[in-house]
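In what follows, a single structure is set out as structure tokens and then discussed.
The values are calculated or read from the model by the stated rules, or taken from the named source; none is laboratory data. It should be emphasised that the depicted structure is a prediction, and the values quoted were computed from it without experimental measurement. Heads up, the Cβs are rebuilt from the backbone with ideal geometry, glycines too, and the neighbour counts pull from every protein chain shown. These accessible areas exclude ligands, DNA and RNA; they are computed on the full protein's heavy atoms, side chains included. Shrake-Rupley method; radii C 1.70, N 1.55, O 1.52, S 1.80 Å.
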Amino acid sequence: MVQQHRIYVVQFDKGEPDQEELSCKASPPKGGGRRIMYYYHDYGTGGGAGKNGKPAKSRALSLSGFFGLLLICFFGLATLLAAPGAFFSFARTGGGAAAAAAATQQQSAPCSGNGNDTLCCDRSSRRADMCFARGDLRMHSASASFQLVSSAGRSAAEEERIRPYTRKWEAHVMKTIDEVRFRRVSPGDAARCDVRHDMPAVLLSTGGFTGNVYHEFNDGLLPMFVTAGHLRRRVVFVILEYHDWWMTKYGDVVSRLSAFPPIDFTADRRVHCFPEVIAGLRIHGELTVDPARTPEGRSIRDFRRLLDDAYRPRINYLERMERKAARKQQRRAGAGAAAKLALPSNHAAAPSERPKLVIVSRTGSRVIENEEELKAVATDVGFDVRVVRPERSTEMCKIYRDLNASDAMVGVHGAAMTHFLFMRPGKVFIQVVPLGTDWAANEYYGEPAARLGLRYVGYKILPEESSLAREYPAGHPVLTDPAGVAQRGWDVTKKVYLDRQNVRLDLARFREELVGAHRYLAAGKRKGRPKSKPTAAM
């Protein structure tokens, strides 16, 4: 019996309970295996979701809306009849010059002319392989393969293999990624469909370096956006090395890219059938989206807007709960105590009038040893300071809320700097650059931050600001020639400069950067954001 695809929704009960507990439904895989949970959130905002996660129907349809819908249906039918192979095309484009350029580029790319009942792989990129298959495709996880059912008279002797991960050049990592086969089979040898989908699938892996927030965004979420963002959520993600914790952490974001539950390729033994499968993800560079290479000319700012759409409902819910808790506390404390609690901690300037600065704190290595003194200096300069210490268990939307509401962010080079993506364009990102990390700090975070529209400041520490100055004598190459030390290999760089180095900021020198950031933000508040191009100060 063929099962139709269902959407399982996690939602809060009406009435908004005090606890943040979730009840979830799960899709039971046929033939055993782990239950597949997917986290689509409905925070009682009243819009968008109806019974069983299906879009709520409007009670009335205007006459103009009816004729518009009729016209769209007519156009879609004409397109399907005229070019059925292009109906589910990977290269769906929007309007504008950037979209036209992207469409032209994709037409000249390998596999761009891939039609119906075809299989083609593009292995030209240094970063990632991609395979495109269209026709009658059947996921057969028992044999780690997708079957492309051949039309009559076509040879079935065709097979491609792919490891769908975006770090193709790192052989030691790619060996850990599961390999999937795409093979053509005759109708008589094809597996029988258990679940039919009328939309494309995108096959990807959440293995490799997943667990590091930089790689989770750079190698996963951003390439998912680049690859599937133009499909308007009409796509199903099929995931290798599926992790429940990853879906719990990023389900809000994934749900903005797909309206349907992802499929755990290994655990779900049902035969899922698709009209098209895209295996692998496109990646444009470090934490970036190149508008000239996307079907609709989308940029990194579009990805940031997607993050805002993803986290806003949860943030609104948390804020409602906090206001409710504050009201309860005020009632318990009494009017006098409540008035005392309401007074700002600094009477000279209320926190709401001061620009907000977030210090992203580290533990282990690359710690700011005089962090408390830094906080005091930033407060004296005129910032309302908050220290954030991201942990593995920290809910991502809470980090997003802090940084989205901030005007400036300070942190030492490392994976947590990925959170600059949560800041609004026009704000200030100050990255402390330890010895031996100049290139990586600028390549992975500095330049991408400037492309997002942030004012980026790279604060290069002096040797005396490094804890390594206490381990090595003055004039030692570790202190005076980090580039030369780096030539001895990545393992040496990691061991010396990443794993064993802390910083003690020269607060008089660092204060100058804080004052400059404060003036920049104040000028933007008085006049509106300056239109000058963001600069990278090193």
Exercise. Give me the distance between the Cα centres of segment 278-307 and segment 483-521, rounded to whole Å.
Key: 30 Å
Practice problem: Please give the net charge around residue 161, taking every other residue with its beta carbon less than 10 angstrom from that of residue 161, where Lys and Arg add +1 and Asp and Glu add -1. | Solution: -1
Quiz item: Given a Förster distance of 30 angstrom, what is the FRET efficiency for residue 309 paired with residue 508, based on the Cβ-Cβ distance and rounded to 0.05?
Solution: 0.10
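Quick check: with the 1.4 Å probe, what order do 323, 181 take by accessible area, largest first? Don't jump to the answer; show the numbers that get you there.
On the way: 323 125, 181 55 Å².
Result of the area sort, largest leading: 323, 181.
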Quiz item: What is the sum of charges around residue 416, taking Lys and Arg as +1, Asp and Glu as -1, for the other residues whose C-beta is under 13 Å from the C-beta of residue 416?
Solution: +1
Quiz item: Can you give the accessible area of residue 202, probe radius 1.4 Å, in Å² rounded to 10?
Solution: 0 Å²
Exercise. Would you kindly state how much longer the chain becomes between residue 470 and residue 500 on full extension, computed as 0.36 nm times their sequence separation minus their alpha carbon distance, in nm to one decimal?
Key: 9.7 nm
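Pairs 328/427; 249/525; 324/398; 175/460; 398/460: which are spaced more than 25 Å apart, C-alpha to C-alpha? Each step should come with its number before you reach the end.
Numbers: 328/427 35 Å; 249/525 34 Å; 324/398 18 Å; 175/460 37 Å; 398/460 29 Å.
In this structure, 328/427; 249/525; 175/460; 398/460 lie more than 25 Å apart at Cα.
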Quiz prompt | Area accessible to solvent at residue 383, 1.4 Å probe radius, in Å² | solution = 0 Å²
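Could you check what % of the DSSP bridge pairs in segment 122-250 are antiparallel, to the nearest 5?
45 percent
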Quiz item: Tell me, what is the 1.4 Å probe accessible area of residue 234, in Å² to the nearest 10?
Solution: 100 Å²
